[in-house]
Structures are given as C-alpha cells and as structure tokens.
Amino acid sequence: MSEPILDIKGLNKSFGPVHVLHDVDFAVRAGEVTALVGDNGAGKSTLVKCVAGIHPYDTGTVLFNGEPVHIHSPKDAGELGIEVVYQDLALADNLDIVQNMFLGRERGSRWLLDEASMEKAARETLASLSVRTVKSVRTPVSSLSGGQRQTVAIAKSVLWNSKVVILDEPTAALGVAQTRQVLDLVRRLAEQGLGVVLISHNMADVFEVADRIDVLYLGRLVAEVQTKDVTHGQVVELITAGRSGDLGLARPEAVAL
Ligand SMILES: Nc1ncnc2c1ncn2[C@@H]1O[C@H](COP(=O)(O)OP(=O)(O)OP(=O)(O)O)[C@@H](O)[C@H]1O
Ligand SMILES: [Mg+2]
C-alpha cells in the first residue's frame, strides 16, 4: 500500500453552531481512485472545500507528501497541486476551450498572448487523456454537451501539474455515453499517477472506478475499505446507517440526531 500523497487527520469544521465534520481522517493515494460517499448533507462537499482552501477548518492537520501544510486559500491548494472540479464547473460559456483552460493563467505578455503555445498545450492535454470527442479546441464552451464540458473542466485541472484531482459528482447530470467518457477519464488520471477523489451517489460508478471507498456518515468518516472487499449492499448500509456488520461505527445510534 502506497503512502498517502494527501493525508488529513482529525479535521473538524463547524458553520457557526453547526458542527459539520467530526474528527475526519481521510487519505488520498497517488495512482488510486478514492471514492468519497455519503448521504445528502453528510459533509462531502464541505470536506473538499476545506482541502481546497475555500472553507477554513477549525482543527486538524493536513500532510502533503508526509509534510505538514497549511491550506488557507485556493491559491495554497493550487500551489500544492490540489485541483477541484466542482459540479457547477465554473467554465465561461462565451470563451472557447483554450481560453477556458488558461483562464487567469494565460501565457504570453500582457499585450500579446501566446495563443499558439496555449492552443498546442490544450490540444496535447486533451490528447494525453485520450479525449477524442472534442473536434476543435477553438469551440466555444457554450456549444459543448454536458459530458464535453466536464471533460474540459477535468483537462483544465490536469494541465496545471496537479497531484490530486477531486471531482465532486462529475457524472450527476450526464447520460450513459457521457458518463462512460468521464469514468474512463477518471481512471486515466489515476493511471497517470495522480491521486483522484471521486464523490458520487452512483454505486455502479463507484464500484467501477474506485480502488478504495471512504464513507462519511453525519460528518464522521465511518469506514475506509478496499472496493474489492465489500458489496454494494454493505456500502449502501454504511451510507444510510453508519454501520454494516463489523464495518462502520460500533454504535451509530449514539451519533444520530
Ligand atoms: N456554507 C455553509 N453554511 C452553513 N452550513 C453549511 C454550509 N455548507 C454546508 N453546510 C451544511 O453542512 C452539512 C454538509 O453539507 P455538504 O454540502 O458538505 O454535504 P454533502 O455531503 O456534499 O451533500 P450532497 O450529497 O447533498 O452534496 C449540511 O448540513 C449543510 O447544510
Ligand atoms: Mg455535496
């Protein structure tokens, strides 16, 4: 088992009086897909936003490659190589694929952008991820399908030398073929050596691409299992009840509201 590239220990997060994350331990390993699952409101997106520097966390430590780090802003997370692809994607509709991928990090001088080099890098990144459904990198994002947009958002996140890519429900709004594309892409990111986190409510997707499954239940990380060691039923039970046989909390009723 490889050492975690990102290792979160004892993370707590409250919004005012509401304690959302309780002593969460969560690890991401290079070359693996870790699924983060849990019911609506379990705290998945909040955990990701803490790691991404969007929400300050109250207590806890974050190790990156074994070294303690402080993540106080999205810039801190970006400098470590942690990229998050949010469900709402944050792509600019009026811009083309190249412009979106380089938004805020354009190459060239202030007066003359190096369009040729950006276009080449965008094309190469999409090719390295075996993305073939996008015909031209000069296509405006407004004319792309949901799956293609998701693909561009993911490619954008890997263009920046990322080490950890976190995908919050990347397939929630997609059809069968588009989901296929995105899941293939998720696997390819891990094969390229990145640590990948996949948040999903879709058990079929999780079981297909994840090496490991971490379950959040009412803000507590109740189980970290290898996908091959569990059944769909066990994971669903962990998600809904916090416990399944020997797995999960000993007394889930003690934490339930
Ligand atoms: N900015 C905020 N201010 C106050 N409470 C918040 C905030 N963001 C999230 N919460 C609360 O934190 C809890 C966890 O929310 P979170 O969005 O992390 O859940 P989730 O696991 O991502 O759920 P879903 O599967 O529905 O996306 C919820 O009870 C939510 O109401
Ligand atoms: Mg969420």
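The values are calculated or read from the model by the stated rules, or taken from the named source; none is laboratory data. Note that the structure is a prediction, hence the values are computed from the model and not measured. A quick note on method: Cβ atoms are made from the backbone with ideal geometry, for glycine too, and the neighbour counts reach across all protein chains shown. Ligands, DNA and RNA are excluded from the accessible area calculation, which covers all protein heavy atoms including side chains. Shrake-Rupley method; radii C 1.70, N 1.55, O 1.52, S 1.80 Å.
Worth pointing out:
- Of all the residues in segment 194-206, those that are closer than 12 Å to Leu36 by Cα, surrounded by fewer than 23 Cβ atoms within 10 Å (Cβ to Cβ) and more than 16 Å from ligand 2 (Cβ to nearest atom) number 1.
- For segment 212-240, taking the residues that are in contact (Cβ under 8 Å) with a residue 60 or more places away in the chain and of a type in the set (Ser, Thr, Tyr), the one that is most open to solvent (accessible area, probe 1.4 Å) is identified as Thr240.
- Residue match in segment 44-63 (condition: within 12 Å of ligand 1 (Cβ to nearest atom), among the polar types (S, T, N, Q) and closer than 19 Å to Gln150 by Cβ): yes
- Options Ala127, Ala116, Ala92, Ala122: the member that is in contact with a helix residue (DSSP H, G or I) (Cβ under 9 Å, 6 or more places away or on another chain), over 19 Å from Gly53 (Cβ atoms) and assigned to a helix (DSSP H, G or I): Ala122
- Meeting the requirement of 3 or more residues that are within 16 Å of ligand 2 (Cβ to nearest atom) and crowded, with 21+ Cβ neighbours inside 10 Å, the strands (runs of 3 or more DSSP E) wholly within segment 1-72 are 18-29, 33-38.
- All positions within segment 135-146 that are crowded, with 17+ Cβ neighbours inside 10 Å and farther than 13 Å from Leu91 by Cβ: Val137
- The residue that is nearest to Asp23 (Cα to Cα), counting only those in segment 173-193 that are small (Gly, Ala, Ser) and either surrounded by fewer than 19 Cβ atoms within 10 Å (Cβ to Cβ) or within 16 Å of ligand 2 (Cβ to nearest atom) (or both), is Gly193.
The rows are residues; the columns are (1) farther than 18 Å from Lys44 by Cα; (2) of a type in the set (D, E, K, R); (3) part of a strand (DSSP E or B).
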residue	(1), (2), (3)
Val215	no, no, yes
Val225	no, no, yes
Val235	no, no, no
Ala250	yes, no, no
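- Unmet requirement for Val165, which otherwise passes all of (1) assigned to a strand (DSSP E or B); (2) open to solvent by less than 50 Å² (accessible area, probe 1.4 Å); (3) at pLDDT 95 or above: (3)
- One residue alone among Val196, Val206, Val186 is under 27 Å from Gly60 (Cβ atoms) and not in a helix (DSSP H, G or I), and that residue is Val196.
- Of the set (1) in contact with a Leu (Cβ under 9 Å, 6 or more places away or on another chain); (2) assigned to a strand (DSSP E or B), all apply to Ala155 but (2).
- Taken over segment 128-163, the criterion of being within 18 Å of Gln178 (Cα to Cα) and of a type in the set (A, V, I, L, M, F, W, C) is satisfied by Leu129, Val131, Val134, Val141, Leu144, Val152, Ala153, Ile154, Ala155.
- So Glu106, is it in a loop (DSSP other than H, G, I, E, B), more than 19 Å from Leu194 (Cα to Cα) and among the acidic types (Asp, Glu): yes
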